Amino acid sequence: MFMSFGLPSEFTPRLAFGTLLDGLKAAGEDTRLRLLAVLGEADLTVSDLTEIMGQSQPRISRHLKLLAEAGLVERHREASWVFYRRATEGPNGVLALRLLALLDPADPVLLRDRERLADVRAARAAAAQAYFRAHAEEWGHIRGLHAPEAEVEAAVHAILGGERIETLLDLGTGTGRMLELFGHEITRGLGLDLSPDMLAVARANLERAGLRNCSVRQGDIFNLAMPRDSFDAVIIHQVLHFLDDGARAVREAARVLKPGGRLLVVDFAPHDLEFLRDAHAHRRLGFSAETVEGWMAQAGLEPLAHQALGPERNAAGRLIVSLWLGRDPRKQAAAGAHREVM
Ligand SMILES: C[S@@+](CC[C@H](N)C(=O)[O-])C[C@H]1O[C@@H](n2cnc3c(N)ncnc32)[C@H](O)[C@@H]1O
């Protein structure tokens, strides 16, 4: 298994001769090395790259195809757009990381590409902020109904932050806030959301925060395109009340947890604010502690903690924010079996 980030200096992965040769051949060309360098900085589309490199779309696409075939870059689709980024997985993900580390960041060619990248980013951030502003009032309305955001985030951090998290998955990431909250403490963070508009805001926020270890992509919480046992922690923050099958979302989240991994669900306690259905597309008016604990148990998780923030009972027109933490029990089960044998 190849590590993707934060390679310790003593860790020198060995690549198969053919793999290394293919990777070097793919990177060993002027435009492709430049492409690799900018894709180490941001997730970009072919049209972004066309603008940055000043080359035609077919040429850029051909180079990207070669880089992708050699495993040096990854592609992911978001609605009708395809994004590219430096590979973070596989043997040539390691090679890409090593090659970029060798490049002089002050090289004039790279500096010019980085300047054009900054223009592309600025345009993208402006579009994302326009979308965000258009909805800010709507979101602000809901925020005003529950405990202050800072209090909720402090509770989220306290309940999940006690243990080291290498890999974090944020489902329904929205503006990427949960990734921002943990981004500086984790090795790698991934946010998924259905909405390309929200992903554009998240991307701009993560770039502004300098969190290159975090990325976002389009994905459906009900159908995660990733293998089981992938993440140390998964967060589902203020998403379940939009869904018609919360149990299924929790099952899918549990599936991708590593042994001993933890799932944090944050959502509202049961309430009677019917207008949230029509005005904000809420399908469920909150969840009891037992409902979400039951879903976690059905998904094979051990409920660890439940916490409620807000008024003691649901005061009229107010929302209680609930936090549920569950753990995949396989690590403890294995440790228990080991103790019995000894
Ligand atoms: C209220 S926002 C919460 C965003 C973020 N978790 C936060 O708390 O800041 C809910 C998000 O869930 C996303 N969402 C809704 N249904 C989804 C689904 N089936 N799969 C992935 N994301 C979904 C929406 O696009 C939206 O960005």
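The values are calculated or read from the model by the stated rules, or taken from the named source; none is laboratory data. Owing to the predicted nature of the structure, the values given are computational and were not obtained by experimental measurement. Backbone-built Cβ (ideal geometry, glycine too); neighbour counts: all protein chains shown.
Quick one: residue 186 ticks every box in (1) of a type outside the set (Asp, Glu); (2) at pLDDT 95 or above; (3) outside any helix (DSSP H, G or I); (4) under 23 Å from residue 45 (Cα atoms) bar one, so which box is it?
Every condition holds for residue 186 apart from (4).
Can you tell me which of (1) in contact (Cβ under 8 Å) with a residue 12 or more places away in the chain; (2) within 22 Å of residue 75 (Cα to Cα); (3) within 14 Å of the ligand (Cβ to nearest atom) is the one residue 236 doesn't meet?
It fails just one condition, (2).
Could we say that residue 228 is within 16 Å of the ligand (Cβ to nearest atom) and surrounded by fewer than 21 Cβ atoms within 10 Å (Cβ to Cβ) here?
The answer is no for residue 228.
Each row is one residue, and each column tells you yes or no for (1) within 21 Å of residue 97 (Cβ to Cβ); (2) touching a helix residue (DSSP H, G or I) at 6+ places or on another chain (Cβ under 8 Å).
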residue: 200; (1), (2): no, yes
residue: 206; (1), (2): yes, yes
residue: 219; (1), (2): no, no
residue: 222; (1), (2): no, yes
residue: 226; (1), (2): yes, no
residue: 229; (1), (2): no, no
residue: 233; (1), (2): no, yes
residue: 236; (1), (2): no, yes
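Is it the case, given these coordinates, that residue 188 is over 29 Å from residue 306 (Cβ atoms) and basic (Lys, Arg)?
The answer is no for residue 188.
Do you know which of the residues in the range 161-206 that are closer than 21 Å to residue 260 by Cα and hydroxyl-bearing (Ser, Thr, Tyr) is surrounded by the fewest Cβ atoms within 10 Å (Cβ to Cβ)?
Per the criteria, the residue is 187.
Select from the range 242-251 the residues that are touching a helix residue (DSSP H, G or I) at 6+ places or on another chain (Cβ under 8 Å) and assigned to a helix (DSSP H, G or I) and list them in ascending order. Full working, then the answer.
First, pick out the residues of the range 242-251 that are touching a helix residue (DSSP H, G or I) at 6+ places or on another chain (Cβ under 8 Å): 243, 246-247, 249-251.
Once the filter is applied, which keeps residues that are touching a helix residue (DSSP H, G or I) at 6+ places or on another chain (Cβ under 8 Å) and assigned to a helix (DSSP H, G or I), the range 242-251 yields 246, 247, 249, 250, 251.
Just the residues that are exposed (fewer than 15 other Cβ atoms within 10 Å of the Cβ), in a helix (DSSP H, G or I) and of a type outside the set (A, V, I, L, M, F, W, C), please, taken from the range 99-128.
108, 112, 115, 119
From the set of residues in the range 207-223 that are basic (Lys, Arg) and not in a strand (DSSP E or B), which is nearest to the ligand (Cβ to nearest atom)?
Within the range 207-223, the first condition is being basic (Lys, Arg), and the residues that meet it are 208, 212, 217.
When the remaining residues are screened for being not in a strand (DSSP E or B), the result is 208, 212.
Working: 208: 16, 212: 21 Å.
Per the criteria, the residue is 208.
Going by the conditions given, is residue 260 of a type outside the set (Phe, Trp, Tyr), surrounded by 21 or more Cβ atoms within 10 Å (Cβ to Cβ) and in contact with an Asp or Glu (Cβ under 9 Å, 6 or more places away or on another chain)?
no
Kindly indicate the residue of the range 144-171 that is more than 21 Å from residue 327 (Cβ to Cβ) and acidic (Asp, Glu) and also modelled with the lowest pLDDT among those meeting that condition.
Looking at residues that are more than 21 Å from residue 327 (Cβ to Cβ) and acidic (Asp, Glu), I get 149.
So if I check each of 50, 45, 31, which one is under 21 Å from the mean Cα position of the chain (by Cα) and among the β-branched types (Val, Ile, Thr)?
None of the other options fit; the residue is 45.
Just need a number here: residues in the range 239-250 that are buried (at least 20 other Cβ atoms within 10 Å of the Cβ) and either more than 7 Å from the ligand (Cβ to nearest atom) or under 13 Å from the mean Cα position of the chain (by Cα) (or both).
4
Looking only at the range 129-143, decide whether some residue is surrounded by 13 or more Cβ atoms within 10 Å (Cβ to Cβ) and within 15 Å of residue 43 (Cα to Cα).
Scanning the range 129-143 turns up no residue that is surrounded by 13 or more Cβ atoms within 10 Å (Cβ to Cβ) and within 15 Å of residue 43 (Cα to Cα).
Every residue, every condition in (1) in the same structural domain as residue 304 (by TED's automatic domain parsing); (2) free of Cβ contacts under 8 Å to residues at least 60 places away in the same chain, yes or no:
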| residue | (1), (2) |
| --- | --- |
| 102 | no, yes |
| 129 | no, no |
| 148 | yes, yes |
| 151 | yes, no |
| 158 | yes, yes |
| 163 | yes, no |
| 173 | yes, yes |
| 178 | yes, yes |
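Within the range 172-200, which residues are more than 9 Å from the ligand (Cβ to nearest atom) and in contact with a Phe, Trp or Tyr (Cβ under 9 Å, 6 or more places away or on another chain)?
If we filter the range 172-200 for residues that are more than 9 Å from the ligand (Cβ to nearest atom), which is where we start, we get 179-190, 196, 200.
Those that are more than 9 Å from the ligand (Cβ to nearest atom) and in contact with a Phe, Trp or Tyr (Cβ under 9 Å, 6 or more places away or on another chain): 187, 188, 189, 190, 196, 200.
Hey, among 38, 82, which residue is within 27 Å of residue 195 (Cβ to Cβ) and modelled with pLDDT of 95 or more?
The conditions single out 38.
Specify which of the listed residues (154, 158, 147) is away from the ligand (no atom under 12 Å from the Cβ) and buried (at least 16 other Cβ atoms within 10 Å of the Cβ).
Matching residue, one of 154, 158, 147: 147.
How many of the residues making up the range 253-278 are acidic (Asp, Glu) and near the ligand (Cβ under 10 Å from one of its atoms)?
Within the range 253-278, residues that are acidic (Asp, Glu) and near the ligand (Cβ under 10 Å from one of its atoms) number 1.
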